[in-house]
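Peer 1: Could you have a look at this structure, given as structure tokens, before my questions?
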Amino acid sequence: MSGVVAYPGPEGSHSGAAALALHPAAELHPLSGFRAVADAVVRADVEQGVLPIESSLAGSVPETHDLLHERALSIVAEAVLPIRHCLVAPEDVALDEIRIVRSHPSALDQCRRLLELLPNAAVISASTTADAARETAESGDRAAAAIAGPEAAGLYGLVTLRDDVGDGPAFTRFVSVAPFTWLGAQRDEARTAFTFVTDHRPGALHAAITPFAVAGLDLVRLVSRPLPASPWSYRFDAVVAGHPLDAKVRGALDELANLTRSHRIVGVYDAAQVTS
């Protein structure tokens, strides 16, 4: 698509690369964070927004899941990109000299072995990996470092201390979100994302997902998130392989409605192919 698409910036973030992959003809706008992107889409300041939703190493990205639940947003496309993290700093220093390391929480989760090599470093969360690189560059502190992508290191004039510092081969799933639900996905490649809340009783979750198993449908993701107003209660975010207009998927969703306190579809889109 063309038009204006937002992503959590600044430039050089992994989300920026995903936005370009998903919307090569669009005008891309970096914004200050995940919530700024979601709010810009809801206000129609931009046509769509791109956010990370799942890491192959660290699992789900809670903030994106919560924004899809809290805002009137729907997933309309996804892309899976390989992620390479680097340890970068204003100048070349030994690891035992580093006193601060900045990055996005998901990146920090993906680089735990590296953090074990930095026992003297305080960990500081940043809005994005690119923000971490920019803040580190602006600080001019030779004892500060960031975990970021190689593009951000180049943009902000940082030295790479260690390359490819993730705990293993890493991929991140990014989603494009819009203020509408799209039904144009190919039937044999479609994914349907939905969220639901069960009664707080034994067996409620099992009962809710049983219709999908009975129909022979694949639940490709299932994530639990706490309900802030109800301590120790949870909602569930799921993705089923299939299109909501297919009879089996529609039937399972209808049964889900009868077995849960609330439910809502939060996306229909074509399944992404892993980009190597």
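Peer 1: Go through segment 159-185 and give me each residue that's among the hydrophobic types (A, V, I, L, M, F, W, C) and over 22 Å from LEU20 (Cβ atoms).
Peer 2: VAL159, LEU161, VAL165, PHE180, LEU183 - these are the residues of segment 159-185 that are among the hydrophobic types (A, V, I, L, M, F, W, C) and over 22 Å from LEU20 (Cβ atoms).
Peer 1: Within segment 208-240, can you find the residues that are assigned to a helix (DSSP H, G or I) and of a type in the set (A, V, I, L, M)?
Peer 2: Matches in segment 208-240: ALA208, ILE209, ALA213, VAL214.
Peer 1: Among the residues of segment 125-159, what is the count of those that are hydrophobic (A, V, I, L, M, F, W, C), more than 20 Å from TYR7 (Cβ to Cβ) and free of Cβ contacts under 8 Å to residues at least 40 places away in the same chain?
Peer 2: Qualifying residue count, segment 125-159: 0.
Peer 1: Return the pairs, sorted by first residue and then second, in which the second residue is assigned to a loop (DSSP other than H, G, I, E, B) and polar (S, T, N, Q), the first residue lies in segment 70-92 and is touching a residue at least 60 places away in the same chain (Cβ under 8 Å), the beta carbons are less than 8 Å apart, and the residues are 6+ apart or on different chains.
Peer 2: Listed pairs, sorted by first residue: SER74/THR181; VAL76/THR181; ALA79/THR275; VAL80/GLN273; VAL80/THR275; LEU81/THR275; PRO82/THR275; PRO82/SER276.
Peer 1: Run VAL175 past the list (1) of a type outside the set (D, E, K, R); (2) in contact (Cβ under 8 Å) with a residue 24 or more places away in the chain; (3) surrounded by fewer than 20 Cβ atoms within 10 Å (Cβ to Cβ) and report the number of the one that doesn't hold.
Peer 2: (3)
Peer 1: For the list (1) within 13 Å of the chain's Cα centre (by Cα); (2) buried (at least 19 other Cβ atoms within 10 Å of the Cβ); (3) under 22 Å from GLN110 (Cβ atoms), I need the number of the one condition that SER56 fails.
Peer 2: (2) is the only condition that SER56 fails.
Peer 1: While we're looking at this one, here's another question. Please go through (1) in the same structural domain as GLN110 (by TED's automatic domain parsing); (2) surrounded by 16 or more Cβ atoms within 10 Å (Cβ to Cβ); (3) hydroxyl-bearing (Ser, Thr, Tyr) for THR195 and return the number of the only condition it doesn't satisfy.
Peer 2: With respect to (1) in the same structural domain as GLN110 (by TED's automatic domain parsing); (2) surrounded by 16 or more Cβ atoms within 10 Å (Cβ to Cβ); (3) hydroxyl-bearing (Ser, Thr, Tyr), THR195 is out only on (1).
Peer 1: Continuing with this model, one more query. What residue, of ILE75, ILE98, ILE83, is more than 30 Å from SER176 (Cβ to Cβ) and either crowded, with 19+ Cβ neighbours inside 10 Å or not assigned by TED's automatic domain parsing to the domain that holds GLY157 (or both)?
Peer 2: When all the criteria are applied, what remains is ILE98.
Peer 1: Considering (1) in contact with a helix residue (DSSP H, G or I) (Cβ under 8 Å, 6 or more places away or on another chain); (2) within 21 Å of TRP182 (Cβ to Cβ); (3) basic (Lys, Arg), say which one ARG35 fails and leave the rest.
Peer 2: Here ARG35 meets the rest and fails (2).
Peer 1: While we're here: Considering segment 241-267 alone, what residues qualify as being assigned to a strand (DSSP E or B), over 21 Å from ASP199 (Cα atoms) and touching a Leu at 6+ places or on another chain (Cβ under 6 Å)?
Peer 2: Correct list: empty.
Peer 1: Would you mind finding the one in LEU31, LEU22, LEU68 that is buried (at least 19 other Cβ atoms within 10 Å of the Cβ) and farther than 21 Å from ALA130 by Cα?
Peer 2: Of the residues listed, the single one that is buried (at least 19 other Cβ atoms within 10 Å of the Cβ) and farther than 21 Å from ALA130 by Cα is LEU68.
Peer 1: Let me ask another. Cβ-Cβ distance below 8 Å, separation of 6 or more or different chains: which pairs start in segment 207-227 with a residue that is without any contact (Cβ under 8 Å) to a residue 60 or more places away in the chain and end on one that is polar (S, T, N, Q)?
Peer 2: Listed by first residue and then by second, the contacts come to ALA207/THR198; ALA208/THR198; ALA208/THR260; PRO226/SER233; LEU227/SER233.
Peer 1: Kindly indicate the residue of segment 63-100 that is among the hydrophobic types (A, V, I, L, M, F, W, C), within 18 Å of HIS263 (Cα to Cα) and assigned to a loop (DSSP other than H, G, I, E, B) and also farthest from the chain's Cα centre (by Cα) among those meeting that condition. Steps first, answer last, please.
Peer 2: Within segment 63-100, the first condition is being among the hydrophobic types (A, V, I, L, M, F, W, C), and the residues that meet it are 67-68, 72-73, 75-77, 79-81, 83, 86-89, 93-95, 98, 100.
Those left that are additionally within 18 Å of HIS263 (Cα to Cα): 67-68, 72-73, 75.
Now narrow it down to the ones that are assigned to a loop (DSSP other than H, G, I, E, B): 72-73.
Numbers: ALA72: 17, LEU73: 14 Å.
This residue is ALA72.
The values are calculated or read from the model by the stated rules, or taken from the named source; none is laboratory data. Keep in mind that what you see is a predicted model, and the values were worked out from it rather than measured. As a convention, Cβ positions derive from the backbone with ideal geometry for all residues, glycine included, and neighbour counts pool all protein chains shown.
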